[in-house]
Amino acid sequence: IVVDKIPTKPVIAGALSICGNGQATLEAPAATGYLWSNNEVTASVQVPAGVYSVTVFDGTCSNSSEPVTVVQFQIPAAPAISVVGKEVLCVGSLVALSAPAGFNHYLWSNGVTTQTVLADEAGTFSVRVGSSSTCLSNPSA
């Protein structure tokens, strides 16, 4: 009689969000065999948005993971910057530059991460926006 050990309940690793039409890489822990919910049989799979689980095998015994959801974020169009106040500055004055509302993440060319940035000197500013910090628009023009 051969007694195989039941594998530990697998935990799926990998990024659970993708940008645009990208794919996520999901990985199962080490085992002798794999069966993903999309019928793939490798330790690592490339998948679009959706719900996935994996069953791992150790000899004749198996154990299944909890499902994980890969979420798809759309890449927004490059935003337009609004100038609040005068576009011409006098020494010692400030002008507010604002990106469109409705996004969870903002990244200005000077590193500021709020919707509005205050400028106290001449320069070129751009901003990237998005619903996810890993899925931002192209910089504004």
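The values are calculated or read from the model by the stated rules, or taken from the named source; none is laboratory data. Remember, predicted model here, so these are calculated numbers, not experimental data. For neighbour counting, all protein chains shown are included, and Cβ atoms are generated from backbone atoms with ideal geometry for every residue, glycine included. Ligands, DNA and RNA are stripped out before the accessible areas are found, and what is left, the full protein with its side chains, is counted by its heavy atoms. Shrake-Rupley method; radii C 1.70, N 1.55, O 1.52, S 1.80 Å.
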Only unsatisfied item for Gln74, checking (1) within 20 Å of the chain's Cα centre (by Cα); (2) open to solvent by less than 70 Å² (accessible area, probe 1.4 Å), is (2)
Taking the range 49-82 and keeping only residues that are of a type in the set (S, T, N, Q) and touching a Cys at 6+ places or on another chain (Cβ under 9 Å), one is left with Gln72, Gln74
If we take the range 50-141, then strands (runs of 3 or more DSSP E) inside it with 1 or more residues that are more than 30 Å from Thr8 (Cα to Cα) and of a type in the set (D, E, K, R) are 127-130
Per the filter on the range 83-103, residues touching a residue at least 24 places away in the same chain (Cβ under 8 Å) and aliphatic (A, V, I, L, M) are Val84, Leu89, Leu94, Val95, Leu97, Ala99
In the range 7-30, anything among the aliphatic types (A, V, I, L, M) and either exposed (fewer than 12 other Cβ atoms within 10 Å of the Cβ) or farther than 14 Å from Phe57 by Cα (or both) is listed as Ile12, Ala13, Ala15, Leu16, Ile18, Ala24, Leu26, Ala30
Of the conditions (1) open to solvent by less than 90 Å² (accessible area, probe 1.4 Å); (2) within 30 Å of Ala77 (Cβ to Cβ); (3) of a type in the set (S, T, N, Q), the single one that Ser64 does not satisfy is (2)
